[in-house]
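Only one structure is covered here, and it is reproduced in the block below.
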Amino acid sequence: MRPLPLPPAAWISLFYLFYFALVGVYVIFLPKMLMLSGYEPSQVGWIFAASPLMRFALPFGFRRIGGVRTGHYLAALGLTVASTLAFFPALERFGCFFLLNLLYGGAMGVILPYVDTIALRVIGRERYGRVRLWGSIGFMAIALWLGKVLVDPRQSLVYLAVLAALTAVSGAVLVRYEHKGSTEETDESAPAGRFSLGRYWAFWISAFLLQVSFGGFYNFFTIYETAHGVSLETTSWLWSFGVLCEIAMLFWQGPLLRRGDLLGLIEISVATTALRWGIFWLWPDSLPMAFAAQSLHALNFALYYTAAIAYVYDLYREKALAQQFFLGITFGLGGSVGAVSAGWVYEADPNGLFLFEAVIALLSWGTLRIHRLRKARHG
């Protein structure tokens, strides 16, 4: 087999760059395009509930057939490209567009955990952050670029299709770095038996609750800050500052992960998430406190995500399936429940939104402590 012109880490970096730039176009610019195309707000809500719900549902299907295989992954890459191309003729028909978003969300939900598994094997958890940070760069770069050059919001569909193709090409190359046609490998240090959510139920509840607590931030942070006198431009800098802190943590987190206490890092990340939401609640109109809270994004997202997927990787033998469940339960089910619950709370009491999120984050930390105690007792 001819050697590839780039090392594995470079191909994985390229994949993350294109994948998260694709995510950026989808979550930042597609909602506006749909509204300008005549969609009702409720219809937009249904469209953007489709993708996370598919991420949650798919792992249960793959569990029944023995895990995610190479063919499934390659098919998901092709389906991502096909669905983004099909968005063009389907845009005027809500039903067709909704179904295509189900397919798109399902495909994207297969791709990322599969590549995360390859990345953790090929480059290791110590170097993972320095590769994964290219995803954050891609997300921020596409947001800044399209924010300047986008004239017709429908042009975002062109960027979506092009980035889907680049994601598919870079993702297909990574198949060369897996083993025996599957990312499901034997790990003698992991518990025996088939994948089980029940064995470590407290960990999975904690992961779900943490993502629920992010619902107010992802969906209402801009509305919350501007309602308390912070300008829209300044709020955008708060978003960007959080991403920059995330990138810095991804670059320098290697020594923390090398020490091996992944569960301890996860606990710190969850505890500081509750602190972050508490700051937003206590000082909603203080710009210095808002920047201080945003600096915690380095822990709450960057360190948590890397430590959590590395922990799940070590915990189970069926590694790609476990990563898919992690994505589905957190950004899938947790993201959906978080968005809906945050909407209800904000409508009832806007000033109490981040108090609610802080309480949810504290519950996440409490169930994580239960997981540590159960694991120490039962293994």
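List of remarks:
- Take 225-238, 196-209, 266-279 and order them by the average number of nearby Cβ atoms within 10 Å per residue, most first; the result is 266-279, 196-209, 225-238.
- Options Leu53, Phe326, Val243, ranked by Cα towards positive dipole end of the chain, top entry (Cβ charges): Phe326
- Stokes-Einstein diffusion for region 9-97 at 4 °C, viscosity 1.567 mPa s, with a Kirkwood radius from C-alpha pairs, works out to 86 µm²/s.
- Of the peptides 320-330, 294-304, 130-140, 75-85, the order by per-residue mean of other Cβ atoms within 10 Å, starting with the highest, comes out as 320-330, 294-304, 130-140, 75-85.
- Euclidean distance between Cα centres, region 10-79 to region 254-314, Å: 25
- Cα gyration tensor shape for region 8-177, rounded if a/c is under 1.5, else prolate or oblate: oblate
- Among (i) 23.1, 71; (ii) 20.1, 69; (iii) 20.0, 62, the entry that matches Rg and Dmax of the Cα atoms in Å as calculated here: (iii)
- Cβ-placed point charges (K, R +1; D, E -1), dipole of the chain about Cα centre in debye, nearest 20: 1240
- Whichever aspartates and glutamates have a C-alpha closer than 14 Å to that of Lys32, once near sequence neighbours (fewer than 8 apart) are set aside: Glu40, Asp152
- Calculated [222 nm] ellipticity per residue, helices only, for the chain: -25000 deg cm²/dmol; basis is -39500 (n - 2.57) per DSSP H run with n ≥ 4, divided by all residues, nearest 500.
- Translational diffusion of region 322-371, µm² s⁻¹ [Kirkwood Rh, Cα pairs; Stokes-Einstein; 37 °C; 0.692 mPa s]: 273
Read-outs throughout are calculated quantities, based only on the coordinates presented, and are distinct from any laboratory measurement. What you are looking at is a predicted structure, and each value in this text was computed from that prediction instead of being measured. Virtual Cβ from ideal backbone geometry, glycine too; neighbours counted across all protein chains shown.
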